Each structure stands twice: as structure tokens, then as C-alpha cells.
Amino acid sequence: MTRVIGFIGLGNMGEPMVMNLLKAGFQVKVYNRTPEKTKAVVEAGAEQVNRPADAAAPGGIVITMVANDQAVEELVLGPNGFGEVLGQGGIHVSMSTIAPATSRKLAAYHQEHGSQYVASPVFGRPEAAAAQKLNILSSGSSVAKERVKSIQEALGQRVFDVGEEPESANVIKLGGNFMIMAAMEAMAEAFNLAEKNGIDRQLAAEIYASTLFNCTVYQSYGQMIANKQFEPAGFQLALGLKDCNLVLEEANSTKTPMPLAGLLHNRLLTSVAKNRGNQDWAALARIALEEAGLE
């Protein structure tokens, strides 16, 4: 397998992921819309390129980790995009949270051009990316998945094969993000109930996260919600709203009732309307705080 990889998107997640690829011995060509954000990885040994197309090589591998569907499509299909450069045997690994329909579109495009597509979104915040503790989903052709597996393993602690259909990993990712949002709303309401009864919020969070809900989501987001501290943002609330929109779009397209997703969408939309889009998405809990008279 080639040891040269193109990596596009040096945000909160992308930068630590590139660092881990460099530590694993890969040569990495990086592109970011804001060139200044490549400084740390270039100092660590990555090569900066000036166009998305320059991150790709015929028959090579390009990873994208960008904010939304439009950005991914532009990188592949737009002017200076890398789609036509990959060519026969090339592989695009999309690690962004995007719509299943977008994955189907990109997979079809790559197939027409002789390249392959692997959807590979991740579960984990920037600190998990830095610690190589991401849980990585993977869907697409078995040949392509096998070729990129060592790259995925250099980025995370486990790779989950979600099947041959390119959009399957995206469906699982959206469902997971929906459940995280639901957990944050549940914690917000439960902690409010404790506080209104004179019980310390932090104590309630500690009890729940060490007994009934002894898992990463309740431990990490539980502390943020208990402490009413939503900055700095590991994952911005505005991006959470984008993901919730994707959940509802997929629910509508498959006629899957998801009433709780509708409530969460209102929480997130209200939060963005209150200019909280740059806070961590756990700040959706502030609406419940306000309703309870606790903020």
C-alpha cells in the first residue's frame, strides 16, 4: 500500500489525525482552505499543497475531513478538485459527517472515473483524535476498505466494517450523533431536576456517569452540562444543527418517524438563533437551563 496520502481539512479533528499519520510513518500532503492552519503539521513533516488536486496522485489515496456536504463535493467535483486526478485505482476516504445521499453521489462519480470511495466517519472529539482513540466506521467495496485499513488503524482504536453500500457508515454516524444529542438533552433535564431540589449538579453527574450510564458521552458531556461550561468548543453547536438536519432529512426520505429528533432540532435551532453557534454543541442544554430558571 502506498505510504503517501493526501489529507484535506486541518480543523480541530484534521490536525491531530495528520499528526498520527506522520507518527505512523506515512508521508502526507495536506491542503486546507486557510493555509495558515497547516503550519503545525508542516513543521511536523507534512507537505503543504496549494490546490485540492495537488493532494492527489493517480492511483493514490486522499482523505477528506471537512465541515459539510458542500465542501466535500467542491473538493472532488469543483475547479481544482481532486476527483479526476485520482483515476484508476485511486481511493477517496471521506471521514466527514455527511448525508447518505452525498456518499451515494460521490461513490457513483468515483466509479465512473475508475476510482473508489470509502465512507469512513468517526466517533470521537479532538482529544480522542489526538490520543488515537477514535472509533472509525467504514463502508464501501471490500477491496478499497482493505487497502485503507492500515491508515484507519493509525487514526483510531477500532474500525467497524458497516458493509458494501457506500452510505451505510453515514447512516450509522448520523444515528450515533442523534443519540449523543438526545443524551445531552436528557442530562440537562435530569441535572436541572437535581439542582431545583437542592442537590449539587456535579454530584448528580458523577453518580449517573459512574453507575447507570458509565460511558464516554455521559462522562465528558456530563461534566460540561453539570458545570454549565460550553467553551472552548470541541464540536461547534452550528455543526450539531447541520447534523440534526441531516438526520431529519434521512428520516423523511426513508419514512422513519423520529419525533425526538424534531425536539432536538428546535433546541439547536433556538441556540443558533441566540448566537451560540460557536459554542460546543453541549450548549443545547442552555435552553433547558433557561426554561428551568437556572441560567
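Residues that are over 21 Å from ALA144 (Cβ atoms) and in contact with a helix residue (DSSP H, G or I) (Cβ under 6 Å, 6 or more places away or on another chain) within the stretch 47-67 comprise GLN48, VAL49, listed in sequence order. Only one of the numbered conditions (1) acidic (Asp, Glu); (2) out of contact with any Pro (no Cβ under 9 Å at 6 or more places or on another chain); (3) under 27 Å from ASN245 (Cα atoms) is violated by GLU127, and that is (2). Testing SER253 on (1) closer than 21 Å to PHE123 by Cβ; (2) hydroxyl-bearing (Ser, Thr, Tyr); (3) loosely packed, with under 14 Cβ neighbours inside 10 Å, one condition comes back false. Which one is that? The one condition SER253 does not meet is (1). Here SER220 fits the description: under 20 Å from ASN177 (Cβ atoms), small (Gly, Ala, Ser) and either within 18 Å of the chain's Cα centre (by Cα) or open to solvent by 60 Å² or more (accessible area, probe 1.4 Å) (or both). For the stretch 30-73, a residue qualifies if it is farther than 27 Å from PRO100 by Cα and either open to solvent by less than 40 Å² (accessible area, probe 1.4 Å) or part of a strand (DSSP E or B) (or both), and the qualifying residues are THR38, ALA40, VAL41, ALA46, GLU47, GLN48, VAL49. Scanning the stretch 74-101 for residues that are part of a loop (DSSP other than H, G, I, E, B), of a type in the set (Val, Ile, Thr) and open to solvent by 10 Å² or more (accessible area, probe 1.4 Å) yields a single hit, THR97.
The values are calculated or read from the model by the stated rules, or taken from the named source; none is laboratory data. The structure displayed is predicted, hence computed values, not measured ones. For neighbour counting, all protein chains shown are included, and Cβ atoms are generated from backbone atoms with ideal geometry for every residue, glycine included. With ligands, DNA and RNA removed, areas are computed over all heavy atoms of the protein, side chains included. Shrake-Rupley method; radii C 1.70, N 1.55, O 1.52, S 1.80 Å.
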